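Please treat every number below as a calculation from the coordinates, not as lab data. On a predicted model such as this, the values are computed, not experimentally measured, just so you know. We place every Cβ from the backbone using ideal geometry, glycine too, and count neighbours over all the protein chains shown.
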Amino acid sequence: MPLQSGSTKILKAMKRGYTKEWFINRVEKLRKECPEVSISTDIIVAFPGESDEDFAETIDVMKRVRFDQIFSFKYSPRPHTEAEHLVEVDSEVSSDRLSYLQTLNNEIHDEINAALIGNSYKVYFEELIRDGYVSGRSDNNIVLKVKGSEELLGQFRDVKVTAIGRTILTGKILE
């Protein structure tokens with residue numbers, strides 16, 4: 001779900017057809033219907049005119065939604081767009097905002113992952129990785145690795161999470 005910004009003012013400047021409140025409402029509805037849904041988003045920091053208060057609105061959405069994954073970028077002008085001629089936010093401010101956003105996302109992601117230890121998921125194995133592991137994804141997009149070999153590729157198995165990492169969890173196949 002592309003948030004882009006948590007500020008309704010900035011969303012309007014970006015010509016998005018939604019508000020912060022609309023976005024949060026849709027997330028709440030999704031999670032009510034499917035509590036284990038995995039939600040990722042795109043966020044652009046330092047769009048022209050973004051104030052500290054606007055950026056704080058984006059941080060508020062990050063803390064409330066707790067995305068499973070974000071794709072985050074500093075604003076960069078695109079040729080032949082209205083925004084190409086707008087005054088950009090200071091480069092140092094842009095970098096600081098992006099760094100803060102990504103650090104917050106890592107903290108949230110670590111908390112989400114820590115809560116998964118002991119949970120079991122049906123995993124489809126799709127890739128051999130180093131050190132004798134095979135990785136795959138659960139139906140709610142959790143990436144897990146287990147000790148194994150190529151005979152697991154293309155198979156579904158129930159896996160219990162035993163350890164966490166930033167980008168991949170470690171598990172054990174349940175027999």
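Work out the charge dipole of the chain with +1 on the Cβ of Lys and Arg and -1 on the Cβ of Asp and Glu about the Cα centre, then indicate which of Leu30, Ser99, Phe71 is farthest towards its positive end. Of the candidates, Leu30 comes out farthest on the positive side.
Can you figure out the FRET efficiency of Lys15 with Ile168, using R₀ = 41 Å and their beta-carbon distance, to the nearest 0.05? Between Lys15 and Ile168 the formula returns 0.65.
Summing charges over all other residues whose Cβ lies under 15 Å from the Cβ of Gln155, with Lys and Arg as +1 and Asp and Glu as -1, gives -2. Note down the magnitude of the dipole of the chain about its Cα centre, charges +1 on Lys and Arg C-beta and -1 on Asp and Glu C-beta and zero elsewhere, to the nearest 20 debye. I would put it at about 540 debye. For the chain, the longest principal axis of the C-alpha atoms and the axis of helix 52-65 are separated by about 20°.
Over the Cα atoms of the chain, the radius of gyration divided by the Kirkwood radius equals 1.07; this is the Rg/Rh ratio.
Taking a straight Cα-Cα cut-off under 17 Å and skipping sequence neighbours fewer than 8 places away in the same chain, the lysines within cross-link reach of Lys145 are Lys122, Lys160, Lys172. Close amide H pairs (under 5 Å, H built 1.01 Å from N) link Arg66 with no residue at least 5 positions away or on another chain.
Footprinting exposure proxy ranking of Met14, Met62, fewest other C-beta atoms within 10 angstrom first, gives Met14, Met62. From the alpha carbon centroid of region 102-175 to that of region 15-46 is 25 Å. Does anyone have the angle between helix 20-33 and the longest principal axis of the chain? Alpha-carbon axes, 0 to 90°, nearest 10? Value to nearest ten degrees: 20. Ordered by the number of other Cβ atoms lying within 10 Å of each residue's own Cβ, fewest first, Thr81, Thr41, Thr162 fall into the sequence Thr81, Thr162, Thr41.
If the segment from Leu153 to Ser51 were pulled out straight at 0.36 nm per residue, it would be longer than the present Cα-Cα gap by 31.8 nm. Taking the DSSP bridge list for the chain and keeping only pairs wholly inside it, about 70 percent are antiparallel.
I'd like the orientation of helix 91-114 relative to the chain: the angle between its Cα long axis and the longest Cα principal axis, in ° from 0 to 90, rounded to 10. Result, in degrees: 30.
Beyond 20 Å, what percent of the Cα pairs of region 86-175 remain? For region 86-175, the share of Cα pairs beyond 20 Å comes to 44 percent.
Rounded to the nearest 20, the size of the Cβ-charge dipole of region 120-173 about its Cα centre is 260 debye, with Lys and Arg at +1 and Asp and Glu at -1.
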